[in-house]
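**Student:** Shown below is the structure under consideration.
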Amino acid sequence: RNFYNSNYNNNNKLSIISVDGTFNNTNLNSFNGTLETSLNMGYYDTINDVPIDLTYNGPNKKNTELEQLKKYIEEKKLTNIIIVADRAYFKYEFFEYLNSKNIYFVIRIKSNSHLLTTTNKNNKQKELINKLKNTSRFIQFKTTNEKTLLSKKGDTIKVNEMIDYNLITNLNNIKDYSDSDIKVIYNSRWKVETY
């Protein structure tokens, strides 16, 4: 983190920060049914190809990736960044939070999202959804991934799988970012997975 802050974080260019959480076993001497897992959050600068941080959040932080990211943004006073995240960070209120902090984002949204349909939820969410539809850009694309499967006979089979991607971004008013650029930004998210 200190290396990143002293070498990369002092320019006026937007940094692209990929974020993801994962769980690991935190008690080696566990008995059957008592496995304890802890949430770890990874932060990765995909432009400079530099890990920024890894935070250990303890066993009582399950399903709190969004809250941990918000806490990290507040503590580190993050600005001048684009947050890139997968569908685990899909939440209308979270998009609103990022907008309120003037933080840019590229996040994959669920294919059944009300942002992509005309169906409305409750009044509070309807208001948020309409606001997001007016302040965000949506990029949809398909890609083919090759998977290697193992047959019952033990043979390996290569199959192509078509995947739909639906992205939301608030980079809609910045001319430098075309739809193609947004796709590249989202695809760079994979670096946090390998990190």
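The values are calculated or read from the model by the stated rules, or taken from the named source; none is laboratory data. In this text the structure is predicted, and so the values were computed from the model without any measurement. Quick reminder, even Gly has a Cβ in these numbers, built from the backbone with ideal geometry, and neighbours come from all protein chains shown. Just so you know, the surface numbers come from the protein's heavy atoms only, side chains and all, with ligands and any DNA or RNA stripped out. Shrake-Rupley method; radii C 1.70, N 1.55, O 1.52, S 1.80 Å.
**Student:** Being buried (at least 19 other Cβ atoms within 10 Å of the Cβ) and in contact with a Gly (Cβ under 7 Å, 6 or more places away or on another chain) is the filter here; which residues of the stretch 170-195 pass it?
**Tutor:** Answer for the stretch 170-195, where residues must be buried (at least 19 other Cβ atoms within 10 Å of the Cβ) and in contact with a Gly (Cβ under 7 Å, 6 or more places away or on another chain): just Val192.
**Student:** Here's a follow-up. Could you grab me the full set of residues in the stretch 135-151 that are among the β-branched types (Val, Ile, Thr), open to solvent by 40 Å² or more (accessible area, probe 1.4 Å) and touching a strand residue (DSSP E or B) at 6+ places or on another chain (Cβ under 6 Å)?
**Tutor:** Of everything in the stretch 135-151, those that are among the β-branched types (Val, Ile, Thr), open to solvent by 40 Å² or more (accessible area, probe 1.4 Å) and touching a strand residue (DSSP E or B) at 6+ places or on another chain (Cβ under 6 Å) turn out to be Thr143, Thr144, Thr148.
**Student:** Let me ask something else about it. Could you grab me the full set of residues in the stretch 152-165 that are open to solvent by less than 40 Å² (accessible area, probe 1.4 Å) and out of contact with any Ser or Thr (no Cβ under 6 Å at 6 or more places or on another chain)?
**Tutor:** Matches in the stretch 152-165: Tyr165 only.
**Student:** Take Asn40 and decide whether it is more than 16 Å from the chain's Cα centre (by Cα) and surrounded by 13 or more Cβ atoms within 10 Å (Cβ to Cβ).
**Tutor:** It is false that Asn40 is more than 16 Å from the chain's Cα centre (by Cα) and surrounded by 13 or more Cβ atoms within 10 Å (Cβ to Cβ).
**Student:** Related question: Which of the residues spanning the stretch 6-27 are modelled with pLDDT under 90 and not in a loop (DSSP other than H, G, I, E, B)?
**Tutor:** Within the stretch 6-27, Ser6, Asn7, Ser15, Thr22, Phe23, Asn24, Asn25 qualify.
**Student:** Let me ask you something else. Of the numbered conditions (1) modelled with pLDDT of 85 or more; (2) open to solvent by less than 30 Å² (accessible area, probe 1.4 Å), Asp49 satisfies every one except a single condition; which is it?
**Tutor:** (2)
**Student:** Look at Ser30 and say whether it is open to solvent by less than 50 Å² (accessible area, probe 1.4 Å), among the small types (Gly, Ala, Ser) and modelled with pLDDT under 85.
**Tutor:** So Ser30 passes the test.
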